[in-house]
Structures are given as C-alpha cells and as structure tokens.
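S.K.: Before anything else, here's the structure in question.
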C-alpha cells in the first residue's frame, strides 16, 4: 500500500492515545454572542487577510486516514504563486518536498521529490498525491484556509466568533474548524493557530508553531529554506 511508504503505521494503542491527546488540546475561544459588529469586523478582516500572499509557516500535523494516524512536521514557504512545502515523515523516513515547478507545461506544474530522490510531476499537488498515495491534502484550499479565509470564488458556508474571526467553514466538501488564533499584537497578526479539517475518511489536525507573513518587494525573491 503506497500510503505506508509515506508514513510508518502506528499501533492501535498509539492511535487512541494521540486522538485523546489531540481532543484534549483543542482549546476553544469563549462563546460570546455574534452581533452585527462581528460581521462588520469579518468584512474588514477579509480585506486585510486577502493582502497576505507570502509567508513562512512551521507546523505540526496529525493526519487521520481511515484507521491510521500519522504525525508529520510541515514547513511551508510561499511567495505569491510560488511555494515549497517540506513534509518531515515520522521515524526517520525522510523529507518529502512538494513545490511549484517553473515550466510552461501545465501537466507538470507541481513537482514532488521523494526521500529516495525519485521525482514525480502533476498538474496539481492534490492530483499528484492522490495518484501516488490514494489520498490528498487540500493544498489549493489551504492557501486561503490557512489565513482564516474562504477560497474564492468557490461557494461556502461559515460561522463566526464574536470578534469576527472564522469559527468554522464548509467548502469544497471540507469542514474546517478554527480552534485557536494567535494574538493580534504579535508577528502572527491574529492568524490561525489550530485547525481541524475533515473530508470523508480523511482528517487533519494542524498546530502552527510559527506563522510569519512576508512583506515582499517586487525585485526581492524568497529564498526557500531547508526543513529543520
């Protein structure tokens, strides 16, 4: 099974322990009534977040696929339409690198580098992962969801917290729950800190340790760092 090449299978006991610990760690914001001011704050927030198109993110992710759970480290650097996502597999299995590929051939717009040096190409990260492993992470949607925004122009439904931040979002077959945010006065600018995403028999719990929006000049490219 190809998914076992990507992640080592954990024992059933470990699955239960991880699931319980993650559920216990889901700190939620206080339940305060949503008002007209909440929706006004949400409108302002969408305008501000829409301007962020470059960032560096370091995160820990638990991936639940049917009866298996795997924990990985993720480093994601994005410069407008260019990106590199480094996925650190558990138990020393190496680093997987998903990145935009500079080419005129749209069927090879995304490149996946395996730990053993093999290279694969596809028109999207989702289709490439699905083809190789039978499941996929919604990278296209996450480009917006990771900021606490819906993906445009796809239809969606949502709930808000009283302060105008997203509480939950339903879009493209995914349910995204926002469990916690960074504070507004830090470098993370009040961006999402903890997220839980669910689609059929695939679920992701993302805990972001570093959320650093990048301010780019037109002539200053991002140097994509190696994963630590």
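S.K.: Within the bounds of the range 47-56, is there any residue that is modelled with pLDDT of 90 or more, assigned to a strand (DSSP E or B), surrounded by 12 or more Cβ atoms within 10 Å (Cβ to Cβ) and in contact with a helix residue (DSSP H, G or I) (Cβ under 9 Å, 6 or more places away or on another chain)?
M.R.: no
S.K.: Oh, and also: Does the range 189-202 include one or more residues that are free of Cβ contacts under 8 Å to residues at least 12 places away in the same chain and either part of a loop (DSSP other than H, G, I, E, B) or out of contact with any helix residue (DSSP H, G or I) (no Cβ under 9 Å at 6 or more places or on another chain) (or both)?
M.R.: no
S.K.: While we're on this one: Scan 94, 73, 117 and give me the residue that is within 24 Å of residue 193 (Cβ to Cβ) and surrounded by fewer than 20 Cβ atoms within 10 Å (Cβ to Cβ).
M.R.: 73
S.K.: Is at least one residue of the range 153-175 within 23 Å of residue 88 (Cα to Cα) and either at pLDDT 95 or above or surrounded by fewer than 18 Cβ atoms within 10 Å (Cβ to Cβ) (or both)? Give the steps one after another, and end with the answer.
M.R.: Applying the first criterion (within 23 Å of residue 88 (Cα to Cα)) to the range 153-175 yields none.
Within the range 153-175, none of the residues are within 23 Å of residue 88 (Cα to Cα) and either at pLDDT 95 or above or surrounded by fewer than 18 Cβ atoms within 10 Å (Cβ to Cβ) (or both).
S.K.: Taking the criterion of being in a helix (DSSP H, G or I) and free of Cβ contacts under 8 Å to residues at least 40 places away in the same chain, would at least one residue in the range 88-95 satisfy it?
M.R.: no
S.K.: If only one of 203, 172 is within 17 Å of the chain's Cα centre (by Cα) and on the phi > 0 side of the Ramachandran plot, which one is it?
M.R.: Numbers: 203 fails: on the phi > 0 side of the Ramachandran plot.
172 is the lone residue from the list that is within 17 Å of the chain's Cα centre (by Cα) and on the phi > 0 side of the Ramachandran plot.
S.K.: Follow-up question, since we're still on this one. Sort out which residues of the range 104-128 are more than 17 Å from residue 82 (Cα to Cα) and either assigned to a loop (DSSP other than H, G, I, E, B) or out of contact with any strand residue (DSSP E or B) (no Cβ under 9 Å at 6 or more places or on another chain) (or both), and write them in order of number.
M.R.: 114, 115, 116, 117, 118, listed by residue number.
S.K.: Scan 164, 141 and give me the residue that is at positive phi and either in contact with a helix residue (DSSP H, G or I) (Cβ under 6 Å, 6 or more places away or on another chain) or part of a helix (DSSP H, G or I) (or both).
M.R.: 164
The values are calculated or read from the model by the stated rules, or taken from the named source; none is laboratory data. None of these values were measured; they are calculated from a predicted model. Glycine also receives a Cβ, built like all others from the backbone with ideal geometry; neighbour counts cover every protein chain displayed.
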